[in-house]
Amino acid sequence: MDLNIKNKIAIVTGGSAGIGLESAILLAKEGAKVAICGRDITKLENAAKRIKELTGSEVYYASKDVTKKEDCETFVSETVEHFGGLDILINNAGQSAANSFENISEEMWRSDLDLKLFAAINCSNAAIPHMKERGGGAIINVTATIAKTAPASSLPTSVSRAAGMTLTNAMSKDLGKYNIRVNTVCIGLIRSEQIERKWKRTHGDLSWEEFSRLPDHKIPIGRIGDTREAANVIGFLVSDAASYVTGTSVNIDGGKGEAL
């Protein structure tokens with residue numbers, strides 16, 4: 001697809017694997033200049049190598065902990081210094097954390113909110129002045145479908161992701177006047193390292209395709225999604241093709257979610 005993002009500058013947090021890596025690959029294929037961050041420098045090095053092999057593009061990468069405000073600010077400033085500006089921010093950093101309410105400690109609450117809410121807040125605050133200088137930009141906050149209809153034992157993730165959805169809506173109202181669009185994608189069952197571990201632990205006798213299509217998953221489209229499918233939606237939302245789309249959420253869940 002031609003997203004008309006050639007030479008635009010993009011940051012992807014949590015960009016060393018999964019949806020973050022696939023989004024970085026897609027943006028680089030479309031001609032964007034991409035910066036990725038994460039905590040594991042080895043994974044980042046491997047991700048940057050893969051992006052270059054697939055796209056021919058050099059990638060700026062750095063080990064950062066986005067739960068720390070100073071790391072968010074530093075990574076944004078380093079990216080701007082390296083590439084000369086910033087147009088796109090994909091707040092993708094996150095991990096699965098699901099338990100019942102009574103089993104979650106205060107430390108677990110704070111850790112999850114720091115990673116999934118305050119990281120997006122701090123990265124966005126650092127990015128917005130640079131987007132304003134360039135006449136606009138696009139921000140994607142990656143959340144989850146359980147933010148809309150939280151099942152039992154989905155805490156603290158469902159709460160932090162719901163906060164991310166409200167953050168997205170409010171930001172879009174404040175930043176529209178600067179031509180900065182803010183949207184969220186709500187992720188359902190998408191292939192990940194965690195899901196692969198479950199597959200091998202519980203159904204190691206099945207191929208991935210067989211496991212993906214088990215009726216137990218209760219996915220109307222009939223299978224677990226691929227990271228490329230999520231990246232395609234993210235790529236569209238940050239592109240000029242979505243120039244009139246802001247303040248909205250898009251489910252990427254094969255129809256499994258119970259809310260639009």
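For the range 213-236, check the following and say yes or no: at least one residue is in a loop (DSSP other than H, G, I, E, B) and under 22 Å from Ser16 (Cβ atoms). I'd like the intermediate steps shown before the answer.
As a first pass, look at the range 213-236 and keep what is in a loop (DSSP other than H, G, I, E, B): 213-214, 218-224, 226.
Filter again for under 22 Å from Ser16 (Cβ atoms), leaving 224, 226.
Yes, the range 213-236 has at least one match.
Any idea how many residues of the range 123-155 are surrounded by fewer than 21 Cβ atoms within 10 Å (Cβ to Cβ) and not β-branched (Val, Ile, Thr)?
Selection size over the range 123-155: 14.
In this structure, does Lys256 turn out to be modelled with pLDDT of 95 or more, on the phi > 0 side of the Ramachandran plot and of a type outside the set (Gly, Ala, Ser)? Before you say what the answer is, go through the steps one by one.
On the way: modelled with pLDDT of 95 or more: yes; on the phi > 0 side of the Ramachandran plot: no; of a type outside the set (Gly, Ala, Ser): yes.
Here the answer is no, as Lys256 does not meet what is asked.
Could you count how many residues in the range 237-248 are under 14 Å from Asn4 (Cα atoms) and in contact with a strand residue (DSSP E or B) (Cβ under 9 Å, 6 or more places away or on another chain)?
Narrowing the range 237-248 to residues under 14 Å from Asn4 (Cα atoms): 237-243.
Retained after the next criterion (residues that are in contact with a strand residue (DSSP E or B) (Cβ under 9 Å, 6 or more places away or on another chain)): 237-239, 242-243.
Qualifying residue count for the region: 5.
Considering Ser100, Ser23, Ser105, Ser111, which residue is of a type in the set (Ser, Thr, Tyr), in the same structural domain as Ala144 (by TED's automatic domain parsing) and touching a helix residue (DSSP H, G or I) at 6+ places or on another chain (Cβ under 8 Å)?
Numbers: Ser100 fails: touching a helix residue (DSSP H, G or I) at 6+ places or on another chain (Cβ under 8 Å); Ser105 fails: touching a helix residue (DSSP H, G or I) at 6+ places or on another chain (Cβ under 8 Å); Ser111 fails: touching a helix residue (DSSP H, G or I) at 6+ places or on another chain (Cβ under 8 Å).
None of the other options fit; the residue is Ser23.
The values are calculated or read from the model by the stated rules, or taken from the named source; none is laboratory data. Note that the structure is a prediction, hence the values are computed from the model and not measured. As a convention, Cβ positions derive from the backbone with ideal geometry for all residues, glycine included, and neighbour counts pool all protein chains shown.
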